[in-house]
Each structure stands twice: as structure tokens, then as C-alpha cells.
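Structure first, then comments.
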Amino acid sequence: MNLVAVGILTGLGFAAVYISQQARLSTGSLGYAVFFFALYLVAHVVARFTVPQADPYLLPMAGLLTAIGITEIYRLGQNDALRQGIWIVVGVGFFSAVLILLRHDYRALENYKYLFGIAAIVLLALPAAPVIGATINGARLWIQLGPFQVQPGEFAKLCLIVFLAGYLREKREVLAQGRLKDWGPLLLIWGGAMLVLFETNDLGSALLYYGVFLAMVYVATGRAIYSLLGLGLFVGGSYALYQVVPHVRDRVTIWLHPWTSHPVPCPFTGHLALRQDCQSYQLVKSLYSIASGGYVGPGFGKGTFTTPDGTPLIPYLNTDFIYSAIAQELGLVGAAALLLVYMLFVARGMRIALYADDGFSKLLAAGLTFGFALQTFVIVGGILRLIPLTGITLPFVSYGGSSIDANFIMLAGLLLVSDRANAGRRA
Amino acid sequence: MNRQIARLGVLGLVLIVALIAGTTYWQTWAAGGLADKQDNAIQRVAQFKIKRGLIYASDGKTVLASDRKKKVGGQTLWFRTYPTHGLAAHVVGYSTVERSRTGVERSFNDYLTASNGNLNTAFRTTLDKLKGVTVTGNNVVLSIQVKAQQVAESALRGQCGAVVALDPRTGAVLAMASSPSYDPNLMETAKGFKRAQRSPGYKCGAPLLDRATQGLYPPGSTFKTVTATAALDTGAFRPDSVFTDPGYCTEYGKKVFNAGNPDQNGPETYGQLTLAEGFEHSVNSVYCNIGKRIGAGVILEYTKRFGFYADPPVNLPPEELSPSGLYFHDKLWYPKDPATEVDPGRLAFGQERMLVTPLQMAQVAASVANGGVEMRPYVVSKITSPTGATVLTTKPEVQNKVMKPQTAAELNQMMQLVTTGGTAAAAFRGIGIPVAGKTGTAETGLNNVYIPWFICFAPADHPRVAVAVVVENKYRGFGGGVAAPIARQMLQAILGAH
């Protein structure tokens, strides 16, 4: 039964890759599909042996999302697709390694929770370090390792969730009573993370971390008041930031008024320009891309992303704005289908958290899943102007090695929790 | 913890449902508005994969816009080419990747790209898409007559101005020329675009501007046609109403003089004369007195009946149309209290901040020609599918009933006097058909430099064509001497062709 579902879902995913690339790029793409399918089989076999009782839907869904992502990346630029392909291989390697290493009992991680907390902060702070730190597109979020750029923040997110799961499990009763002493280490590590994020101007990640933190505190303590208090702090803090930090004020202005009918000062050039030609250029072009998709879109490989002479019409298309590319080519039907996969993934992830036996497992699964949902919301919501736009990756789909590898580790984590829970129930 | 996890799960799902809702909003509700944004190049570029329909002149044979196939990065794209190098350039417009579109290329873009809502077209387009065949647009046939358009353009060569010829019975635009003009083939490249914006050999610039539909000129004495319409139609005057002309009319205690007589020093003086004779010889004092009697409010009401104070309802992009009317600080201005805010005498003979487009004045002539019934002007007469089947035929529509038939008949007679014994008699000597017209010579503020005008229709007994001609800033250029001969050429080109 499970295998049938796996087969159908992956079959569909790779049929999409194959057919679309056939239409546009003929046989060159076939190699990708075959290679990709082989890679998926490896991941599947590893999962079968290490976590045989795990949820059977998660891996196919991740495979589907990855397939859609690399198809679109391939369509936008073949060199990027090759690099992304390598990162996916590395990702499957991480995935297998985590499953094999932790197959007996992942709960051992709980003993190292402070180590994870410190690791999270170190990872976050790494890009600011001299020599290895690298600035790309104005954000200092990368480190340079030989020929590769790594975004340690993606892994810091996982470390922080492991730390929070461990710490909250241990202290949940006392935290619920609200003694300041117990909150100390929690606020210390979390505050350090937030400080680094604001320092690096990575507002999108800050929002993501804050949201995951509040969610996990809520799950652990069951006291909605903490989360509401946190939300109030967030609103207040945001307002203060809006008043003080020009960068934040700009983001909000771009969000609320992307189009102007009269030229306004453009900070990039120092001249007057329409805001849609300056600060909100990316947001507006991406919205045009989405809107031109209509109900069904022209189909994979048939969207319009450049002028006939190759000038891009939409910037950062395969990273932050890959959703705009997919929404244009597949239309509302395709975009909604993609989001439905995300919904199913979230539903399955939360189901794992529900069925897990112990607090650590529940918190871990809930944290990982909510992080996944919130990250999707922050980037796609930003693109759709539901919230101010901040550039982070769309899980499994966006171009970016660190992101895809971190997502595969997250997937492995969920499968480990799921396997244990199901095995326990059946025993 | 399970209750919290369940709630958190619901929250996560709600967040993603919000994303689906947001996507739906942008791809359905807001999509149309975004597609129309000036800086949205996606739609424009995407349509270059469609083989646009051709644009023909009224004969259905002369191709004004066609397609050129070009392979770019493995894709077949269709670029526009204009075989006549700019015949009726302002009407046809251009369609490029780099700049947006203009003219019929813009206003009929849906038909030309086969994205119009017509069921047959939608069916064919979907079928082509499914088959993987190039989607081909519908062809557009203009009402522009090749010969008339050529005559208009060559008559204007070297001068700045515009010519509009309408069929008064239907509103079909037979010729619409704006000079200087440009070659639309140049528009795709930045270099060509710069070149197209220059007009060597002309005293004016802006060759891309459609002076026929957007150029705002003081109407001069051609506006007396509007004043006379108001005077006769309201019943305040008759063609034989008698006036005394001392060479000026008195307004606000000051003398407003007639136009100078080119052969004598000082203004012309006619003594006793009728309203019709005042029209024939374009006597300012007569119309000044009419204006004072009927008031600026009534005259402005009649301008509105003719279609002033609104874009002419011709099927060209709204950005390429200007409304006629009073202008104040470069903005269209309708006075709250015309009786106190507008000088009625000067308005009556075509001054007082009144600005008009050549198209609007052609419509004034056409309305008189058609017995007072103004027809809605149109430039596209037919749309056909690539296989030749008719998709749409333009049916003539009444724009407005401007005046009583009797008023039109009286004006027709008065306008004939202009070409037989009046200010345009010399220009129409020996033409052999009755012509009804009115000259205009608007002042520019420069000494001896005028804007000559002529509006007319013919044959006066069964009008088939109405023409408006304007020429910019001519030294000693009078309506009868400069504009009327061009109008005569137009009448001969169009009526001779019948």
C-alpha cells in the first residue's frame, strides 16, 4: 500500500521533469531524470532499512518538491541545475548519514542540547567572521569554503530546534510556573541568535526563528499567554525597529506602497525614480510574473523570464523568487498544487508529533514541521505581499545547497521520530 | 501536549491556505490590472511568440504591418515590420519588445494576438496551442484609404500640421496624417528610436506625436462654425439676421478689432451685413456680437454636443487622444460660471483659450455635412481571421445628434458661400463640385505668424467626405491660402477615387 503511494507520487514528479524537458531540451534532460530517479531510490532504500516503520508519505513528497525545484532551476539555467544536482547528492548523503547514525536512538541528542544551542550561535555568527565570511547580494550570510559558499544559518536553524526541544522538554513544568531562573538559559541562547540575525540584517530568518521559538514554547508549556505575550513583544519590537532602523522602514514602505505614480528618492542611485523601478523592482517584477500565469499558465519551459536578447525580466529568479517562476509557468492550478504538497507535508509532520511517545520527540517533530511551514509562509507570503518581503529559500525547491541539505536533514529527523513512534504503537 | 500540537498544526495549515488565497488573488483578480502596467514587460515579450495578425489599408491588399520570423535562443519569435515605412504611421502605431505599443497595434492588440474573447478565435487559439502550432493573430483592416493618405502626407511634407478626412455618413476615418512623421521600423533599437525622434528639415519636433488626435491648436475662425450652430439652432438668429460692422465690436468698454486686411492698413470694415455674409467673409465683429448675445455658456454647451470636453471616441489608445475645449494652465477647464469667467465675444470667433484637435474639427464639419447627426469616428473597419473569415465588421454608430436638420442645412448653405465668394473662393475655383467650408487663421502671438486652418465637406449636396487641415506657424499663412489648397487635394483624391 505504502509502496504504491510512493510509486505514484514519485512517478508523477519525474514524469513532470521528463516531459517538460523533453519538450524544450530533448534528450539532455533524460539523463537528469534517470540520475534523479536513481538517487531517489537510494534514499528510499536507506530509509527502508533504517526507519522501516516511518511515515511513507514524507520522502515522496520531499522528492516531488525537489524534482519540481530542480526542473524549474534546470529550465532557468543549466549550470545552476548541475550545481544544485551535486548539492542534492550531498543532501541525500546527509540524509542517509543521519538515518544510519541515529537509527538506534536519536533521543541521545537530548543529552547534548546545550552543545546544539552554542553550535547554533556559532554557526550564525560565522559569516561575520573575517576571512571565511562572504557577502553576497548585500547580505553577509555566507562562508567561503574553498569553491563552495555555505549558508550556516540554515543548519543553525536545525541546531536551535534540537536545543529548544531538549531544553523545553526538561523544563516544561517549571517554565509553566513562570520562574525567571528557568527562563535564563533559554532566553540567553535565543536572544543571542536574534541579536546575530538583526546584526546581519537577516529579517526573514529572524521572523522564522522567533515564530518557531514561540510555537515550541506554546507546545511545551501549554500556556497560550506566553505566546501571546511574545507576539505582543514582537509587535512592539517591530514598531520600535520601524521607528529606529531605516532599513526596516524601507521594507515596510516597499510592502505597503510598491508602486508610486511620482518619482521618489531612490537610495541605490541617489536620484529620483518611481519606486517600482528602484526599491520595489524585484517585488513588482515577481508579481507580474505570477499574474501572467493566470489559471493554467503556459506550461513548464514556456514561461517568459527574459527578453529575446536574454535580459532577465525578473531578478533572483531561481533562489528567492522561484515561486514566481513556477506560478507563471504552471498557473494557479500548478501553484496551488505545489502549496497543497506543502500542506500535506505539514499535516503529516504534525501527525508524527502527535503520535510520538515522549516530549522531546513531540517537540522536535512539531518544531521541525512548524519551521518548515513558517519558512514557506515567510518567503511565499513575502512574494505575494501578505507580509513584507524578506529573502529566504523555499524549502526543497529554491536553488541553494545549504538550504536543500538542511531540509534533507530535517526530513531525516522527522522520519526518525516517526519510525520510533510507529514501532512503539505496533509493538 | 497533543492539544497544542493539533492547534499548531492547524495554524501551519492556515498559513499555507493564506498563500493559496494570495496566489489566487494575484493570478485572477489582480492579473488584468498588472498586465496593463506600463513597466510590465512579461506580457509584451510573451506575445512575441505569437504571429501577429496583419494590418491592411481599406483596400484589404496594401499591408501596413506584417511579421518577420526570427530565431532567438531556440525560440521562434515574430517581430513587426512595416513595409510602407510609415504610411499612416500614427494610426498603425508600432509593436516592439523594448517599448510598449502605440496606435492600432496597441488598441487592437487583443485581436492581433488572437487573445480576444471571440469564441471562434478562442477555439482556434486553444487548438493551435494544443497542436503546438504557432498561434496566429487576426488581421485588422483599417478604414484608411491608401491614395487619400498618400496625398495627405505628401501635401504636408516639409510643414508641420495634420490632415483628417472622415466619411460623414459613417464616421470612417479615410485619411489621418500628422507631420512630421517617422518610420516605425526604427522603433525596435535604441539607436533607431533616437533617430525616429528627430525631424530634420522641419521647424517643429515630436514626430512621434499624433497631431491629428493629440495636437491642440487654437481653432481660429473655424470655430465660427460652432458659434453659428449655437446661434441658429437655439433660434436666437437666422442666416439673414442683419448686423452692422464698424470694424470692431465693443466688449467690456474696449474695442475688439476685426482681422487686419492684408491689402490695406487697419482692420476690414463691412458696414451692414447678414449673419451668412459675416460667415462668408469671416467677420469677427459679427460673431463677437452673437457671442455677447447668446453667452459663453450656450456656446460651450454646443461644443459639448460636438464632443468637446471628452476624448474623441475613436478606437485608438486613450493616451494618444486629447479632448478639445477651454484650457487653463495646461489643463482642460470647464468654467463654473461661463457668464463671468469667459469672454463670450472672443470665444465666439475662436480665441479665449479654446484649443481643439484636427480630428474634433473634422467631426464638426462632418456633423454639418450629415444633417446634424455626428457619427462615431473609427479607424478599423473590419477584422478577419487568418483563414479570411470575417471576425468583426464595424457598424457605423451615431455619436450624437448635434443640431436640428434645418440648422445643418442653413449652415451647409453658409459654408458653400465661403468657397464660392468668400475667404476660400480662390482655392476652390474650377473644382466642379459644390464644396462647403470654413477658413481659420489663428494668431500665434508672433507678428505675421499664423496657424492656418480649413474645414470642409463635399459634395455639398450629398456629402461623402469631410476634411480638416491645420498647418503650424506659417509666416503670413492664411487659412484660405495655405490650408484650403491641401483640403482641395484631399477632396479630389477621395471623390475622384469613387
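The values are calculated or read from the model by the stated rules, or taken from the named source; none is laboratory data. Predicted model, so just to flag it, every value in this text is computed and none were measured. Every residue, glycine as well, gets a Cβ built from its backbone with ideal geometry; the counts of neighbours run over all protein chains shown.
With of a type outside the set (Asp, Glu), assigned to a loop (DSSP other than H, G, I, E, B) and over 24 Å from A:Ala335 (Cβ atoms) as the only criterion, which of A:Arg83, A:Arg103 stands out?
A:Arg103
Considering only the range B:38-92, state which residues are in contact with a helix residue (DSSP H, G or I) (Cβ under 7 Å, 6 or more places away or on another chain), within 26 Å of B:Thr213 (Cβ to Cβ) and among the aromatic types (Phe, Trp, Tyr).
Across the range B:38-92, the qualifying residue is only B:Tyr82.
For A:Thr221, work out the one condition from (1) more than 21 Å from A:Asn111 (Cβ to Cβ); (2) at pLDDT 80 or above; (3) more than 14 Å from every other protein chain (Cβ to nearest Cβ) it doesn't fulfil.
Looking at each condition in turn, A:Thr221 falls short on (3).
For B:Asp39, are the conditions met, namely being facing chain A (nearest Cβ under 7 Å), out of contact with any strand residue (DSSP E or B) (no Cβ under 6 Å at 6 or more places or on another chain), surrounded by fewer than 19 Cβ atoms within 10 Å (Cβ to Cβ) and acidic (Asp, Glu)?
yes
Can you confirm whether the range A:262-269 contains a residue that is at pLDDT 85 or above and either hydrophobic (A, V, I, L, M, F, W, C) or crowded, with 17+ Cβ neighbours inside 10 Å (or both)?
Yes, that holds for at least one residue.
May I ask you to verify whether B:Thr229 is under 30 Å from B:Gln406 (Cα atoms) and either part of a helix (DSSP H, G or I) or of a type outside the set (Phe, Trp, Tyr) (or both)? Talk me through it step by step, then tell me what you get.
Numbers: under 30 Å from B:Gln406 (Cα atoms): yes; either part of a helix (DSSP H, G or I) or of a type outside the set (Phe, Trp, Tyr) (or both): yes.
Considered against the rule, which asks whether it is under 30 Å from B:Gln406 (Cα atoms) and either part of a helix (DSSP H, G or I) or of a type outside the set (Phe, Trp, Tyr) (or both), B:Thr229 comes out as yes.
Here is a check on your reading of the model: is B:Arg52 touching a residue at least 12 places away in the same chain (Cβ under 8 Å) and basic (Lys, Arg)?
The answer is yes for B:Arg52.
Would you be able to say whether some residue in the range A:230-253 is within 27 Å of A:Ala373 (Cβ to Cβ), within 25 Å of the chain's Cα centre (by Cα), within 11 Å of another protein chain (Cβ to nearest Cβ) and surrounded by 12 or more Cβ atoms within 10 Å (Cβ to Cβ)?
no
Just one of A:Leu339, A:Leu386 is facing chain B (nearest Cβ under 9 Å) and over 17 Å from the mean Cα position of the chain (by Cα); which is it? Talk me through it step by step, then tell me what you get.
Details: A:Leu339 fails: over 17 Å from the mean Cα position of the chain (by Cα).
Going through A:Leu339, A:Leu386 in turn, just one is facing chain B (nearest Cβ under 9 Å) and over 17 Å from the mean Cα position of the chain (by Cα): A:Leu386.
Rundown of residues vs (1) out of contact with any strand residue (DSSP E or B) (no Cβ under 8 Å at 6 or more places or on another chain); (2) more than 24 Å from A:Pro388 (Cα to Cα); (3) facing chain B (nearest Cβ under 10 Å), yes/no style:
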| site | (1), (2), (3) |
| --- | --- |
| A:Leu272 | no, no, no |
| A:Arg275 | no, no, no |
| A:Pro308 | no, yes, yes |
| A:Asp320 | yes, no, no |
| A:Ala327 | yes, no, yes |
| A:Met343 | yes, no, yes |
| A:Leu354 | yes, yes, yes |
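Being under 22 Å from A:Glu329 (Cβ atoms) and at pLDDT below 90 is true for just one of B:Ile42, B:Ile16. Which residue is that? So that I can check it myself, show each step before the final result.
Numbers: B:Ile16 fails: at pLDDT below 90.
Within the list B:Ile42, B:Ile16, the selection yields B:Ile42.
Do the conditions hold for A:Tyr281, that is, is it farther than 22 Å from A:Glu199 by Cα and either within 11 Å of chain B (Cβ to nearest Cβ) or touching an Asp or Glu at 6+ places or on another chain (Cβ under 7 Å) (or both)?
yes
Looking at the structure I just gave you, is A:Phe377 facing chain B (nearest Cβ under 10 Å), under 16 Å from A:Tyr209 (Cβ atoms) and without any contact (Cβ under 8 Å) to a residue 12 or more places away in the chain?
Details: facing chain B (nearest Cβ under 10 Å): yes; under 16 Å from A:Tyr209 (Cβ atoms): yes; without any contact (Cβ under 8 Å) to a residue 12 or more places away in the chain: yes.
Taking the combined requirement at face value, the residue satisfies it.
Checking the conditions here, which among B:Val286, B:Val342 is in contact (Cβ under 8 Å) with a residue 40 or more places away in the chain, in contact with an Asp or Glu (Cβ under 7 Å, 6 or more places away or on another chain) and closer than 19 Å to B:Thr244 by Cβ?
Numbers: B:Val342 fails: closer than 19 Å to B:Thr244 by Cβ.
The conditions single out B:Val286.
Per-residue answers, yes or no, for (1) under 24 Å from the mean Cα position of the chain (by Cα); (2) over 25 Å from B:Gln43 (Cα atoms); (3) in contact (Cβ under 8 Å) with a residue 60 or more places away in the chain:
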| residue | (1), (2), (3) |
| --- | --- |
| B:Asp110 | yes, no, no |
| B:Asp128 | no, no, no |
| B:Val151 | yes, yes, yes |
| B:Asp167 | yes, yes, yes |
| B:Ser181 | yes, yes, yes |
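Quick one: which helices (runs of 4 or more DSSP H) lie wholly within the range B:51-163 and hold at least 3 residues that are of a type in the set (Ser, Thr, Tyr), crowded, with 19+ Cβ neighbours inside 10 Å and away from chain A (no Cβ under 14 Å)?
Helices (runs of 4 or more DSSP H) meeting the threshold: none at all.
When you scan the range B:248-304 for strands (runs of 3 or more DSSP E) that lie fully inside it, which ones turn up with 3 or more residues that are at pLDDT 90 or above and more than 25 Å from B:Lys336 (Cα to Cα)?
Per the criteria, B:271-274.
Could you look through the range B:183-204, keep only residues that are touching a residue at least 12 places away in the same chain (Cβ under 8 Å) and under 26 Å from B:Gly479 (Cα atoms), and pick out the one that is farthest from the chain's Cα centre (by Cα)?
Within the range B:183-204, the match that is farthest from the chain's Cα centre (by Cα) is B:Gly201.
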